[in-house]
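Below is one structure, written out as structure tokens; the observations come after it.
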Amino acid sequence: MVRSMIAGVAGLKAHQSKMDVIGNNIANVNTWGFKGYSYNFKDSMYTNSVNSSGGSVLAGAAGGRNASQVGYGSQLSSISNVFETGAPSPSANPMDCMIDGTGFFLVGKMVNGSFTNVKDSGLNLSRVGIFRVDENGYLVDDQRSYVYGYAVQEGTGIPEIPARAGSVSLKNIPVELNISPDPKVKSTIRIGNYPAVEVSAKIKSENDMEAAIQEWVAYVTKTDNQTGDFENLKNAVIAFDGIGLDNSDPANPKWTAQLSVTSKVVGQDTKKTNVDPVVTTLKGEPVAGTEIEGNRMEPGIPAMYETELSTIKIPNDPETGLPYELDNYSISEDGTVTGVDSQNRVIPIGKVCIVSVQNPNGLEKTDGYYYKIGDNAGEVNHEAPNTSPAGYIKGSYLEMANVDLANEFSNIITTQRGFQANSKIITVTDEMLQELVSMKR
């Protein structure tokens, strides 16, 4: 009789555990990439009331008999993940992505160098593609974990170099003023070794001097005036950058100008042929870091990717040696991460990998939405997206939880009724024990 009490208690515990699983599923109905759990019962141990015995066909012998067994209720058999792909939810961020398939993203702390063995890397798996580029240029998720994939091979993935004109910025260009005492006669200004040019500005302040130099620039940039001593300006553009004043001799202040000179055409020799003659005539000093040699457009080199895994980082620009300054990132179906620079060039950054797991239920949940590779996960391999049933990348989408609320609510009802039934067993057993005690009295 007491065994029914034990069975009832076991049933209560088992149904309470199932309710815990259901509650967790419903609590995570809006958690990105969440995979629902299913609770599976099994009956508990048994005792034999009557043992089984074999029969005999000899004269006078009896036939066989089956065992008569009494169980002790139910208990946990397993709690399994349901690894069905959740519905895609559109995202306004182009760096958000999801895997349409059975694979996982590979994320975790920094691993120096490259590797191929995912299982022994100590990294985590994830189904949530909330990715960003951090201040160091690395692709990371919203848990500050690095995203792993295939880096761009050195010497590839170089965008086309756009055509560029030679240019230079000059400072301390000598300026000579000749202010006429006659208000009816215009003053003149002479810059560098170019001839003096009449200006209408009355030079009484620094602003007036700026206006006078800009008037000189306007004069010499007109095509009709680019003859004679101004002829070498035909193939160059002059722009006003500012003025300077040397007051070391208060009795004889010296004004200087700062101008930029740019070739009107592009090419390797444009600075020498179009800019340098103007620089020589202006007699200024080049500003450090502003001299640019012109070049013609050079075709880009298509990106090729490493076969080993590593972190994904914005590559360096071969021209500057510094990382490209990028914005407007995106991720394509094959996992290629790209950005657009200030010249509207598409720069490949790397390719996100997908990890396929032979037995996904062998994974173990850790912090947040990460999975640790358990001992029973089986074969774990990395591969490029869109090359196998492991799936492909859907950019600007996030994976919703695969929890079926209708199914969970129906499970609540059956679990609640099962809990009530088991509690009734305990109540009835208690009443029977009470009757037994009453008989003795």
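Mind pulling the angle between the C-alpha long axis of helix 405-440 and the longest principal axis of the chain? Nearest 10 degrees, somewhere in 0 to 90.
Roughly 30 degrees between the two axes.
Please state the charge dipole magnitude for the chain, taken about the Cα centre, from unit charges on C-beta atoms (+1 on K and R, -1 on D and E), reported in debye and rounded to the nearest 20. The partial results should precede the final answer.
Working: 36 positive and 51 negative charges, 401 e Å.
In debye, rounded to 20, the chain gives about 1920.
According to the Kirkwood expression over distinct Cα-Cα pairs, how big is the hydrodynamic radius of the stretch 62-190, in Å? Walk me through the intermediate numbers first.
Working: mean 1/r = 0.0426 Å⁻¹.
Here the Kirkwood hydrodynamic radius works out to 23.5 Å.
Using only Cα atoms, tell me the angle between helix 2-27 and the longest principal axis of the chain; keep it within 0 to 90° and round to the nearest 10.
Helix 2-27 sits roughly 20 degrees off the main axis of the chain.
Per residue, what volume in Å³ does the convex hull of the Cα atoms of the chain enclose?
On the way: hull volume 121.7 nm³, N = 441.
Cα-based convex hull of the chain, divided per residue, equals 276 Å³.
Round to the nearest 10 and give me the degree value, 0 to 90, for the angle of helix 206-220's Cα axis relative to the longest principal axis of the chain.
Helix 206-220 and the main axis of the chain meet at about 80 degrees.
List the relative contact order of the chain as a percent without decimals, with contacts defined as Cα pairs under 8 Å and 6+ residues apart.
Working: 947 pairs, mean separation 111.2, N = 441.
Reported as a whole number, the value is 25 percent.
Counting other beta carbons within 10 Å of each residue's own, what order do Met45, Met304 fall into, fewest first? Each step should come with its number before you reach the end.
On the way: Met45 10, Met304 13.
So the ranking, lowest neighbour count to highest, is Met45, Met304.
With each run of n ≥ 4 DSSP H residues scored as -39500 (n - 2.57), what mean residue ellipticity at 222 nm is computed for the chain after dividing by its residue count and rounding to the nearest 500 deg cm²/dmol? Don't skip to the end; give the middle numbers.
On the way: 4 runs with 84 residues, N = 441.
The helix contribution divided over the chain gives -6500 deg cm²/dmol.
What ranking of Leu76, Leu58, Leu326 emerges when the number of other C-beta atoms within 10 Å of each C-beta is taken as an exposure proxy, fewest first?
Working: Leu76 14, Leu58 7, Leu326 19.
Fewest to most other Cβ atoms nearby, the residues stand as Leu58, Leu76, Leu326.
Above 19 Å lies some portion of the pair distances; for the stretch 3-104, what is it as a whole percent of all C-alpha pairs? Spell out each step's value before the answer.
Details: 3393 of 5151 pairs.
In whole percent, the share of Cα-Cα pairs in the stretch 3-104 beyond 19 Å is 66.
Give me, ordered by chain and number, the residues 5 or more places off Phe41 or on other chains with an amide H under 5 Å from its own placed amide H.
Long-range HN contacts for Phe41: Ser77.
Straight-line reach from Lys109: which lysines fall under 27 Å, measuring Cα to Cα and dropping same-chain residues less than 8 apart?
Lys35, Lys119, Lys313, Lys351, Lys365, Lys372, Lys394
Can you check what the net charge comes to around Ile301, using other residues whose Cβ is under 12 Å from the Cβ of Ile301 (Lys, Arg +1; Asp, Glu -1)? Write down the numbers at each step before the final one.
Values: positive: none; negative: Glu154, Glu160, Glu298.
So the surrounding residues net to -3.
Compare Ile393, Ile413, Ile22 in a GNM of the chain, Cα atoms joined below 10 Å, and give the one with the largest fluctuation.
Maximum among the listed residues: Ile413.
For the stretch 167-286, what is Rg from Cα atoms divided by 2.2 N^0.38 Å, rounded to two decimals? Don't skip to the answer; put the middle values down first.
Values: Rg = 14.6 Å, N = 120, 2.2 N^0.38 = 13.6 Å.
That ratio works out to 1.08.
Suppose a student asked you for the relative contact order of the stretch 332-381, using Cα pairs under 8 Å spaced at least 6 residues apart; what percent would you report? Numbers along the way, then the final one.
Details: 64 pairs, mean separation 14.1, N = 50.
Contact order relative to length: 28 percent.
When Val107, Val428, Val217 are ordered from fewest to most other Cβ atoms inside 10 Å of their Cβ, what list results? Could you put the intermediate results ahead of the total?
On the way: Val107 23, Val428 13, Val217 17.
Sorted ascending by nearby Cβ count, the order is Val428, Val217, Val107.
At Asn178 and Ser330, where each label point lies 7 Å from the Cα along Cα→Cβ, what is the point-to-point distance in nanometres?
Inter-label distance under the simple model: 6.1 nm.
Any read-out appearing in this document is the output of simple, stated calculations on the displayed coordinates, not a laboratory observation. Values in this document were obtained by computation on a predicted structure and should not be read as measured data. For neighbour counting, all protein chains shown are included, and Cβ atoms are generated from backbone atoms with ideal geometry for every residue, glycine included.
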